[in-house]
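Worksheet: one structure, shown below.
Only the coordinates and a few stated rules stand behind these numbers; no lab work does. Here the structure is a predicted model, which means the values were calculated and not measured. All Cβ positions, glycine included, derive from the backbone under ideal geometry; neighbour counts span all protein chains shown.
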Amino acid sequence: MSIAYTAERFVSLAKTRKSLLWGLAVRSLLVRYQGSVFGFLWTLLSPVLQIAVYSLVFGVVMRVGMKDYWLYLFNGIVFWGIISSTLLEAPASILGSSRLVSRAGLPSEIIPCRIVLTLLLNYLIVLPVYLACFFMFRGPLTIHFAQILFILPLTLMFCLASALILAYLGAIFRDIQHFIQVIVQLLFFTTPITYVAERITGKLEMVLQYSPFTAVVSMNADALFLGRMVDPTHLYVFSLWTLALWGVAFLVHTRFSSTAIEVV
Amino acid sequence: MVCAASQQSNLAVRVEDISKTFYFDTNQLLSLKHHVLSLLHRMSGAGGRVLHPAGQKKDVLKAVNFDIGWGETVAILGRNGCGKSTLLRIIAGIYQPSKGLIQTHGRISPLIELGSGFHPDFTGRENAILYGKILGLTRHQIASKLDKIIAFSEVGTYIDRPVRLYSSGMISRLAFSVATEVEPDILLLDEVLSVGDISFQAKCKKRMREIQERGTTIIMVTHQVGAAQSWAKRCIYLKDGVVVADGQSKEVVNLYQKDNM
C-alpha cells in the first residue's frame with residue numbers, strides 16, 4: 001500500500017461516508033451516559049464536578065490567587081478534554097469496534113474520525129455554558145474570542161492525526177492503551193491548564209515552550225479567557241506539530257492499517 | 001491492491017493471483033519487543049521487512065485466481081480453515097491481500113456473522129439505520145426502506161426496543177433483512193443461510209431467489225454441499241488455500257465429497 005492509496009481512501013471516505021460518521025458520533029454521544037439517572041446532563045455535570053475538585057485543590061488548598069480562577073479552569077479543562085479524551089480513547093478504539101470493522105465491513109478510518117467528532121459535539125454543547133458564565137461573572141466577550149474559530153479547527157486536525165496514529169498502533173501494540181494513561185496525566189500537569197503559562201520557568205520552560213500541548217492550551221486561554229491576541233510562536237509551534245503528525249499518520253496508516261484489522 | 005473495475009467490464013469480481021499470509025503467533029506480533037528487534041534487524045542491514053521466525057506464518061491463500069461475472073451465483077466450498085472466509089473478507093475489502101489484485105464493481109453487502117455490528121443498548125430501528133449506513137445507503141434511502149425491512153424481519157413491536165432484549169433469531173432476521181434490502185450489486189454470504197425457524201427460512205429462500213432474479217452477483221462460502229448445490233450453478237472448491245476445482249456445481253461437489261469421505 002502506498003501513501004497515494006491512503007490519501008485516495010481518505011478522500012473517498014470523506015465524500016461518501018459523512019452520514020455514517022455522523023450516525024456513529026451521535027450514537028457514541030448518547031451511549032456514553034445511557035442508563036444513568038442524569039443521562040445526557042452528564043455532558044455538563046462531569047466538567048462542572050471536575051472544575052469543583054480542581055478549584056478546591058488549587059484555589060483553596062494550594063492558594064492560586066488568580067481572579068476568577070474557576071472560570072480559567074472551566075475554559076482550560078473543557079478544552080483539554082478534547083485532546084486528552086482523544087489520546088485516551090484512540091488506542092483501544094479499533095479493538096472496541098472490532099466486530100463492526102472485521103465483520104460488518106465498517107471502514108476502520110471512520111473510527112478515529114468518530115472519536116474526534118464526538119468530542120467536538122461534546123465541546124460545542126459545553127462551550128455556550130462557559131461563554132454565558134464568562135459574560136455573567138467577568139463581563140462582555142471581546143473580539144479576541146473569535147480566535148477560537150481557527151484554534152478549534154487546528155486542534156481538531158491535531159487530534160485527528162493523533163487519533164489515527166494511536167488507533168492503528170494501539171490495535172497492534174496493546175501496551176499503548178495502558179501507557180497513554182500515564183502520559184496524559186503527565187501532560188495534564190505539565191500543560192498550563194491549572195496554572196498560567198508564565199508560571200513555568202527554568203529548564204522546564206525550554207522544553208515546554210515547544211510542546212504542542214502548551215502551545216494550544218495557551219492559545220485557547222488567550223482567546224477565551226485572557227481576551228488577548230495569541231502568541232504567534234504558539235501558533236507556529238502547534239501548526240508544525242500538526243503537520244508533522246499528519247505525516248506520521250499517513251505512514252502509520254500505510255504500514256499498519258491492514259495488520260490492525262487482522263489482529264483485532 | 002484493491003481497485004474498482006472499469007465500467008465496461010462485464011465482470012463483477014476479478015481475483016488475480018491473490019495470496020494472503022497471516023502471522024500466527026499473536027504474542028510475537030503484538031509485543032513491542034518483537035518489533036523493536038525487527039527494526040534493529042532491518043537497520044543492521046540484514047534485510048527483510050519484519051523479522052518472522054519460521055513457523056509463525058501461515059499462507060492462508062496461495063495464488064488464487066478466478067473471475068465472477070454479473071449475476072452469477074457462486075459457492076466457495078471447502079473445509080474449515082481452508083481460507084474461504086479470508087477470501088470472502090478480501091473480496092469485501094475488509095482484508096488486504098498480501099499479494100495479487102482484487103477488482104470488484106458496485107456495492108458490496110457482506111453478510112458475515114449476522115448482526116455482529118449491532119449495539120445491544122440501541123433499538124432495532126437505530127441499529128438497522130446504522131447498519132444500512134455501513135452498507136453504503138444514505139439516510140433517505142434507509143428511511144424509505146425501513147418499513148419493508150421491519151416487516152420482513154418479523155420483529156414486530158420489538159423494533160423500538162433495545163437489541164439486548166432480542167433472541168438470537170430476531171437479531172439474525174433483522175440483520176438479514178437490512179443486508180438484503182439495500183439492493184447490493186454483490187452479496188457475500190458466509191454460512192448465514194440457516195437463519196431463523198422453518199417459516200422464516202422459507203421467506204429467506206424466496207428473498208434469495210428474488211435477489212438472484214434481480215441480477216445480483218452472489219458469492220457464498222459454505223461447507224455444506226446441499227446449500228452449495230441448491231443455490232449455485234458454479235462451485236469453487238478451495239483446499240488449503242488453493243483452488244482445486246472450479247466449475248459446474250455437481251462435478252465440483254462430487255469431487256469435494258470424494259475428497260472428504
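Points to keep in mind about this one:
- q = 0.11, 0.16 Å⁻¹, chain B: log10 I(q)/I(0) [Debye, one scatterer per Cα]: -0.69, -1.19
- 0 to 90° range, to nearest 10: angle between helix B:124-134 axis and chain B longest Cα axis: 50 degrees
- Local electrostatic count at B:R89 - Lys and Arg +1, Asp and Glu -1, tallied over other residues with Cβ under 11 Å: +1
- Stretching the chain fully between A:F189 and A:S36 yields a gain of 52.0 nm (0.36 nm per residue, less the alpha carbon separation).
- Segment B:122-249 - share of DSSP beta bridges that are antiparallel (%, nearest 5): 60 percent
- Counting only Cβ charges, +1 for Lys and Arg and -1 for Asp and Glu, the dipole size of the protein assembly as shown around its Cα centre is about 340 debye.
- Convex hull volume of segment A:5-91 per residue (C-alpha atoms, cubic angstrom): 152 Å³
- Segment A:193-264 - Rg and Dmax from Cα coordinates, angstrom: 16.7, 49
- Most mobile listed residue (A:G35, A:G23, A:G76) in chain A, GNM with C-alpha springs under 10 Å: A:G35
- The protein assembly as shown, Rg to Rh (Cα coordinates; Rh as Kirkwood inverse mean 1/r): 1.03
- Net charge dipole size for segment B:90-244 [Lys, Arg +1 and Asp, Glu -1 on Cβ; Debye, nearest 20]: 300 debye
- Distance from the Cα centroid of segment A:106-151 to that of segment A:224-250 is 17 Å (rounded to whole angstrom).
- Inter-chain shielding of A:24-34 (mean C-beta neighbours from other protein chains, 10 Å cut-off): 2
- Segment A:95-213: proportion of alpha-carbon pairs further apart than 26 angstrom, %: 39 percent
- In degrees, nearest ten, helix B:32-43 long axis to first principal axis of chain B (Cα): 50 degrees
- Förster radius 22 Å - calculated FRET efficiency between A:V57 and A:E198, Cβ distance, rounded to 0.05: 0.60
- Chain A: projected area of the alpha-carbon convex hull, averaged over directions, in nm²: 15.3 nm²
- Within segment A:105-264: Cβ-based charge dipole about Cα centre, in debye rounded to nearest 20 (Lys, Arg +1; Asp, Glu -1): 140 debye
- Charge sum, other residues only, whose C-beta stays under 13 Å from A:T118's C-beta, Lys/Arg counted +1 and Asp/Glu -1: +2
- Mean Kyte hydropathy of 0.0 or more with a Cα span along the axis of at least 24 Å, helices from DSSP in chain A: A:69-89, A:110-137, A:148-172, A:232-263
- For chain A, calculated [θ]222 nm from helices alone, where every DSSP H run of n ≥ 4 adds -39500 (n - 2.57): -23500 deg cm²/dmol
- With neighbours defined as other Cβ atoms within 10 Å of a residue's Cβ, the residues B:Y158, B:Y23 order from fewest to most as B:Y23, B:Y158.
- Footprinting exposure proxy ranking of B:T73, B:T138, fewest other C-beta atoms within 10 angstrom first, gives B:T138, B:T73.
- Volume per residue of the C-alpha convex hull in segment B:167-261, rounded to whole Å³: 117 Å³
- Beyond 31 Å in Cα-Cα separation lie the following of the pairs B:K205/B:K258; B:K206/B:K250; A:K15/B:K57; B:K84/B:K203; B:K203/B:K233; B:K62/B:K203: A:K15/B:K57; B:K62/B:K203.
- Principal-axis tilt of helix B:249-259 within chain B, Cα atoms, nearest 10 degrees: 50 degrees
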